[in-house]
Amino acid sequence: MQPYPFDQIIDRSHTHSFKWDNVTYQGKDMLPMPVADMDFPVAHEILACLDRITEHQILGYAIVPESLKRVAQQKIKNSYGWDTPIDWQVWIPGIVPGITAACAKFAEGGILTAVPVYHPFHLVANWVNKSLFTFPMVEENGRWTFDFLAFEEALNKGPKVFLFCNPHNPGGTVFNDDEIKRIIALCQQYHCIIVSDEIHADLRIQPQSEHICIGKYLESSPSISFFASSKTYNTAGLGGALAIIPDPEVRKQFISATLGFFPMLTRHSIDVMETSWTMPSTWLDSLLPYLQSNHEALLGFINRQNGLHMLPLEATYLAWIEFDERIYGDFQQRLFENGLHVLRGDQFLGKNFIRLNFACPRALLDKALGIIEKTIHEIH
Ligand SMILES: Cc1ncc(COP(=O)(O)O)c(C=O)c1O
């Protein structure tokens, strides 16, 4: 029996959902597949944890307990083979605020990132008033990787922070050992700090792809690595994340950039992170095959359509789909008019792409494929 009801459709409308209550829908019957949260109910273990907090009836300020620090340390060691002392940990309300603080503090010569990329990675330059440098990702052997020549050219322009998204959103790449070592060599040559966001590390669609923490190789040079349980366990609305910063001076400066800006973590996020990382692995063992099956259905469907192209994802539940503009024009808008909301590739600095979140009951994915098919028929 399926221990978690991934097929169950829960009505999320009128719950202040960023995904389902989008103001642009204006009462129209829409199927939303933009924002990266899942339409699955959270694990019963997490619901029980939240119940315990409610029953206790007190919602005062909270501190991160030693137990969570040890749990996070074990999680990173057991899942990714990186042994990190507890005093390297800095607990933060979310990864995006963490990235912003890191860029505000360390990116004097500018910020470098590969594009397309999760939009805060490029928007942050404007938020903290720094220059942005980008280089393209390229398709190679059926996956997205870096154009390493363009990477070096961009490093030569003097950025001081490289924002690394691994696994990559929206490309779905899990960077391999060779790529990780090339990234380190280049960044060290140009004295650029690596800030690595590993929020999708557990969501590996291709189980054979191994997640490598870049920080593991950077223990004696400045680096910041971010982790969170929120994507894997679908608790993004609660917040809570962790930075691992080996260098004491970098850690001190990072913390100084957060003071007065970052709220304390909530008891809910603290207890839910601890529950997520200690509960039996059955959640992930059930979730991944479900996502893999959705991925397979979507991938096959997309690549059968004339003028649509998708590479298999190694990780994440966010499909990055290329369309031929000559055939489809403004494809995102056409889909929207037919009731399917996906994100426009431009948001990630990718031209002629859409990003579709397939972490939903299969019936909803099938409905989305139906809307895509109808839209294609209208065009042809
Ligand atoms: C790569 C990446 N980093 C960070 C986040 C958001 O992290 P947080 O909610 O902890 O700020 C997302 C959400 O989609 C993401 O895809």
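I'd like the full set of residues that are part of a helix (DSSP H, G or I), over 17 Å from Glu249 (Cα atoms) and touching a residue at least 60 places away in the same chain (Cβ under 8 Å), limited to the stretch 68-88.
Selection gives Leu68, Val71, Ala72, Gln74, Lys75, Ile76, Ser79, Tyr80.
Scanning the stretch 1-22 for residues that are open to solvent by 80 Å² or more (accessible area, probe 1.4 Å), of a type in the set (A, V, I, L, M) and within 24 Å of the chain's Cα centre (by Cα) turns up just one, Ile9.
For the stretch 101-141, name all the residues that are of a type in the set (A, V, I, L, M), out of contact with any strand residue (DSSP E or B) (no Cβ under 7 Å at 6 or more places or on another chain) and free of Cβ contacts under 8 Å to residues at least 40 places away in the same chain. Reasoning before the result, please.
Just the residues of the stretch 101-141 that are of a type in the set (A, V, I, L, M), to begin with: 101-102, 104, 107, 111-112, 114-115, 117, 123-125, 128, 132, 137-138.
Next cut, out of contact with any strand residue (DSSP E or B) (no Cβ under 7 Å at 6 or more places or on another chain) only: 101, 104, 123, 128.
Leu123, Val128 - these are the residues of the stretch 101-141 that are of a type in the set (A, V, I, L, M), out of contact with any strand residue (DSSP E or B) (no Cβ under 7 Å at 6 or more places or on another chain) and free of Cβ contacts under 8 Å to residues at least 40 places away in the same chain.
Within the stretch 275-282, is even one residue modelled with pLDDT of 95 or more and open to solvent by 30 Å² or more (accessible area, probe 1.4 Å)? Within the stretch 275-282, one or more residues are modelled with pLDDT of 95 or more and open to solvent by 30 Å² or more (accessible area, probe 1.4 Å). Here Leu298, Leu318, Leu313, Leu308 are screened, and the one residue that is closer than 15 Å to Ile379 by Cβ and open to solvent by less than 20 Å² (accessible area, probe 1.4 Å) is Leu308.
Scanning the stretch 282-328 for residues that are of a type in the set (Gly, Ala, Ser) and out of contact with any strand residue (DSSP E or B) (no Cβ under 8 Å at 6 or more places or on another chain) gives Ser286, Ser293, Ala297, Gly300. Restricted to the stretch 204-231, and to residues there that are under 19 Å from Trp283 (Cβ atoms) and within 16 Å of the ligand (Cβ to nearest atom), the residue that is most open to solvent (accessible area, probe 1.4 Å) is Arg204.
The rows are residues; the columns are (1) away from the ligand (no atom under 13 Å from the Cβ); (2) under 16 Å from Phe261 (Cβ atoms); (3) assigned to a helix (DSSP H, G or I).
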{"site": "Val90", "(1), (2), (3)": "yes, yes, no"}
{"site": "Ala101", "(1), (2), (3)": "no, yes, yes"}
{"site": "Ala114", "(1), (2), (3)": "no, no, no"}
{"site": "Val117", "(1), (2), (3)": "no, no, no"}
{"site": "His122", "(1), (2), (3)": "no, no, yes"}
{"site": "Met137", "(1), (2), (3)": "yes, no, no"}
{"site": "Thr145", "(1), (2), (3)": "yes, no, no"}
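Scanning the stretch 240-251 for residues that are open to solvent by less than 30 Å² (accessible area, probe 1.4 Å), more than 13 Å from the chain's Cα centre (by Cα) and within 20 Å of Val161 (Cβ to Cβ) yields Leu242, Ala243, Ile244, Ile245, Pro246, Val250. When you scan the stretch 23-39, how many residues do you find that are open to solvent by less than 10 Å² (accessible area, probe 1.4 Å) and within 16 Å of the ligand (Cβ to nearest atom)? Matching residues across the stretch 23-39 total 4. Between Gly260, Gly237, which is among the small types (Gly, Ala, Ser), surrounded by fewer than 23 Cβ atoms within 10 Å (Cβ to Cβ) and touching a Phe, Trp or Tyr at 6+ places or on another chain (Cβ under 9 Å)? Of the residues listed, the single one that is among the small types (Gly, Ala, Ser), surrounded by fewer than 23 Cβ atoms within 10 Å (Cβ to Cβ) and touching a Phe, Trp or Tyr at 6+ places or on another chain (Cβ under 9 Å) is Gly237. Scanning the stretch 40-67 for residues that are exposed (fewer than 13 other Cβ atoms within 10 Å of the Cβ) and not in a helix (DSSP H, G or I) yields Gln57, Ile58, Leu59, Gly60, Tyr61, Ile63, Pro65. The helices (runs of 4 or more DSSP H) found entirely in the stretch 317-380 that carry 3 or more residues being within 20 Å of Asp7 (Cα to Cα) and either among the aromatic types (Phe, Trp, Tyr) or under 26 Å from the mean Cα position of the chain (by Cα) (or both) are 362-379.
The values are calculated or read from the model by the stated rules, or taken from the named source; none is laboratory data. Keep in mind it's a predicted model, so treat the numbers as computed, not measured. Heads up, the Cβs are rebuilt from the backbone with ideal geometry, glycines too, and the neighbour counts pull from every protein chain shown. Side chains included, ligands, DNA and RNA excluded: accessible areas come from the protein's heavy atoms. Shrake-Rupley method; radii C 1.70, N 1.55, O 1.52, S 1.80 Å.
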